[in-house]
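Enquirer: Handing you this structure, nothing more for now.
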Amino acid sequence: MAITIGNKTQANPTPGANFYQLSHNQNTGSDGLLIVSAVMSNSRTFTSATYGGQAMTQVFVKAFGGLSQYTKFWVLENPPTGSNTLRINFSGTQWNPIGLYAKSFTGAQAGGNTINLSGSSTPRSSNIALSSGSLVYAYGISINAVTGVQIPTGTTTSAEYTHNTNRQVRGGLNTTPFSAGTVQIRTTSTSGSVTLQAYEIQEKATSGGGGENNFFLIM
């Protein structure tokens, strides 16, 4: 089943509390998947995330000492459909702005490969091995403006959002499924260093081992 890209919710608030919540609308359809990334000052940490009251699964986390930032990424397979509350909890009251991004898919599954790199001189590039039919979401964090998220390297990938968390954050999502193989992903900033985080959204595997023309002939 091919992946269908669904609804997006993004926000860049200053919570002034030990959590932040908002509504997100998960599309109807089989094999739903919700991905969530969050970035904020490392004065606090993200402790958990829930959607519709269901606990989301942490995929990766990274603290960036030089950038004074902190990021975490979660997924939830088969989330409740329709409009539900997405809640992100912190280790204490957060008085700095956070960057929050949520995206829905159907025909998808969790378990894809990741990239989770600290800042290095722009451009920041890395390879990721992908399954057939996968999409990739990637983002970068920098003191300076993040000018591009290239999925794959050398292409222009539209910004899903740009956030200011006392640092600059930009995310992108490719919309054409990849063939199986290794792909290079890149983030760029106007100068200085930039991080690179990425997640492979996998096409839901077909059960049963193939189509109706797969059979054995016994003589």
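A short reminder: the numbers here are calculations on the coordinates, not readings from a lab. None of these values were measured; they are calculated from a predicted model. Cβ atoms come from the backbone with ideal geometry, glycine included; neighbour counts cover every protein chain shown.
Enquirer: Normalised by the number of residues in the chain, what is the relative contact order in percent for Cα pairs under 8 Å and 6+ residues apart? Before the final figure, lay out the partial values.
Expert: Values: 644 pairs, mean separation 55.5, N = 219.
This gives 25 percent for the chain.
Enquirer: When N is the residue count of the chain, what does its C-alpha Rg come to as a fraction of 2.2 N^0.38 Å? List each step's numbers first, then the result.
Expert: Numbers: Rg = 18.0 Å, N = 219, 2.2 N^0.38 = 17.1 Å.
Normalised Rg, Cα atoms only: 1.06.
Enquirer: Taking a ≥ b ≥ c as the square roots of the Cα gyration tensor eigenvalues, with a/c under 1.5 meaning rounded and otherwise prolate when a/b beats b/c, else oblate, which class fits segment 33-90? All intermediate terms of the calculation are to be shown ahead of the outcome.
Expert: On the way: a/c = 3.04, a/b = 2.26, b/c = 1.35.
Prolate.
Enquirer: Let me make sure I get this right: for segment 99-178, a, b and c are the square roots of the gyration tensor eigenvalues over alpha carbons, sorted descending. Under 1.5 in a/c it's rounded, otherwise prolate if a/b > b/c, else oblate. Which is it?
Expert: Numbers: a/c = 1.86, a/b = 1.48, b/c = 1.25.
Here segment 99-178 falls in the prolate category.
Enquirer: Another one. Assigning unit charges at the beta carbon (Lys, Arg +1; Asp, Glu -1) and nothing else, what dipole magnitude in debye, to the nearest 20, does segment 4-203 show about its Cα centre? All intermediate terms of the calculation are to be shown ahead of the outcome.
Expert: Values: 10 positive and 5 negative charges, 105 e Å.
So the dipole magnitude of segment 4-203 works out to roughly 500 debye.
Enquirer: Net charge near GLY66: determine it from the other residues with C-beta under 15 Å of the C-beta of GLY66, scoring Lys and Arg +1 and Asp and Glu -1.
Expert: Numbers: positive: LYS62, ARG124, ARG167; negative: none.
Result for the local shell: +3.
Enquirer: Which one, LEU117, HIS24, GLY53, projects farthest toward the positive side of the charge dipole computed for the chain from Cβ point charges (K/R +1, D/E -1)?
Expert: LEU117
Enquirer: Oh, and also: In a shell of Cβ-Cβ distance under 11 Å around LEU130, excluding LEU130 itself, what net charge do Lys and Arg (+1) and Asp and Glu (-1) give? Display every interim value, and only then the final one.
Expert: Details: positive: none; negative: GLU200, GLU203.
Overall, the nearby charge balance is -2.
Enquirer: GLY119: net charge of surrounding residues, Cβ under 13 Å, Lys/Arg +1, Asp/Glu -1, itself excluded? Walk me through the numbers before you get to the answer.
Expert: Values: positive: LYS62, ARG124, ARG167; negative: none.
Once positives and negatives cancel, what remains is +3.
Enquirer: Follow-up question, since we're still on this one. Would you look at the GNM of the chain, springs on alpha carbons closer than 10 Å, and say which of GLN58, GLN150, GLN109 moves the most?
Expert: Largest GNM mean-square fluctuation: GLN58.
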